[in-house]
Amino acid sequence: MTRCSGRRRTVCLPILIAATLVLLLLAAAPALAAGLTPEQQLGKALFFDTNLSTPTGQSCGTCHGPSVGWTGPKQWINLTGAVYPGAVHTRFGNRKPPTVAYGGDSPVLYYDPEGEVWVGGMFWDGRATGWTLGDPLAEQAQGPFLNPLEQNVASAAALVAKVKASYYACLFEKVWGADIWCNVNAAYEAIGRSIAAYERSPKVSPFTSKYDAYLRGEATLSLGQTRGMELFMGQAKCSQCHVPPLFTDFTYDNLGVPRNPMNPFYREPEWNPEGRNWVDTGLGGFLQSAGYPAEVYEAAWGKQKVPTLRNVDLRPYPGFVKAYAHNGYFKSLWQIVHFYNTRDVRSWPAPEVAANVNTSELGNLGLTLAEERDIVAFMKTLSDGYRPLSCH
């Protein structure tokens, strides 16, 4: 028996003594869910654990809420800057939370010379490359814990200590072995991989939308939804980047989105000494920081990852406001569709990054307002949780 595994009892015994408390915890949001593998159950517990921040109180689920498609769940934030505060509530990141659903097939970041595009990775700027773990989703899951603008845990060792003291520590040992605590790096990797397993599970990425039911012959699209689907796949050019069935191709693009003037990151001198002069350079900025030459990173300046459109309209009630684009500039699904259609022919504010703006697939699509509404109607069929009507 190793020294670390010899201390196993100090973790498990208090949990056995506090069985009643554990049962209450199992009834809460981070509960171990039926229908999940042990690794996925562990990932869910980690995802919803509000003790894994400094100070405590912020979990992954704080910024990635199930009721809104695993993105920002607070309407008052979405209505304004769209960027969420961290565990230290006076600190903010610089982009809106992307969805954590349907990202499991994103490949390790690479450059495709034939298409002249970067593909894969996670985060809006691709910095969770997958180059370390071979899994961008697992690397993305690790990142917020140690980010001072998010969960603000001091180190991987401090995070592992929190997990070791958690009510699900025995499950962690069951999945990864009793000696996992001996190696901080291994335990930190296990945390990321467990969360990624949960995010890949049918609880987070279930393919239960009306569109999926339609493909199975279990639902019929309305005339507007059908027209919208035809436009989406054709004249509107949406499917050139938002490729079914995942409705993303995992590439990067500069859509010409304007600045969000309410982004709280502009008002954080400690973390953003440039203030309102700060520009979100996206993938290009990451590639520059990774040491790529100017001819490589400048070609990616301002490009953000193409998000999945699955659950793009999922919300807890019809009037709930979601934010769209990497900086949350748009406040309705119709507004961003209208932008795609009219960016180059209407008086929109200037793009935040003028270089590399996509002018071949959006900007002047020639769609009518009715056709824009039909596209929105189709995208609403991508929300999970659809239940086909039964005759029995």
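The values are calculated or read from the model by the stated rules, or taken from the named source; none is laboratory data. These figures come from a predicted structure and were not determined experimentally. All Cβ positions, glycine included, derive from the backbone under ideal geometry; neighbour counts span all protein chains shown.
Structure summary
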{"quantity": "Residue among Pro261, Pro269, Pro273, Pro244 that alone is part of a loop (DSSP other than H, G, I, E, B) and surrounded by 15 or more Cβ atoms within 10 Å (Cβ to Cβ)", "calculated": "Pro244"}
{"quantity": "Subset of region 120-154 [buried (at least 23 other Cβ atoms within 10 Å of the Cβ) and either not aliphatic (A, V, I, L, M) or not assigned by TED's automatic domain parsing to the domain that holds Gly192 (or both)]", "calculated": "Gly121, Trp124, Asp125, Gly126, Pro136, Glu139, Gln140, Pro144, Phe145, Glu150, Gln151"}
{"quantity": "The one condition in (1) outside any helix (DSSP H, G or I); (2) under 30 Å from Gly363 (Cα atoms); (3) among the hydrophobic types (A, V, I, L, M, F, W, C) that Leu231 fails to fulfil", "calculated": "(1)"}
{"quantity": "Number of positions in region 119-175 that are assigned to a helix (DSSP H, G or I), among the charged types (D, E, K, R) and under 15 Å from Tyr188 (Cα atoms)", "calculated": "4"}
{"quantity": "Residues located in region 127-142, provided they are of a type outside the set (A, V, I, L, M, F, W, C) and touching a strand residue (DSSP E or B) at 6+ places or on another chain (Cβ under 6 Å)", "calculated": "Pro136, Glu139, Gln140"}
{"quantity": "Conditions (1) of a type in the set (Lys, Arg); (2) surrounded by fewer than 20 Cβ atoms within 10 Å (Cβ to Cβ); (3) closer than 21 Å to Asn51 by Cβ; number of the one not met by Arg193", "calculated": "(2)"}
{"quantity": "Wholly enclosed helices (runs of 4 or more DSSP H) of region 1-114 bearing at least 1 residues at pLDDT 95 or above and either hydrophobic (A, V, I, L, M, F, W, C) or out of contact with any Pro (no Cβ under 6 Å at 6 or more places or on another chain) (or both)", "calculated": "38-47, 60-63, 75-78"}
{"quantity": "Candidates Asp105, Asp135 - the one that is under 17 Å from Cys241 (Cβ atoms) and in contact (Cβ under 8 Å) with a residue 60 or more places away in the chain", "calculated": "Asp105"}
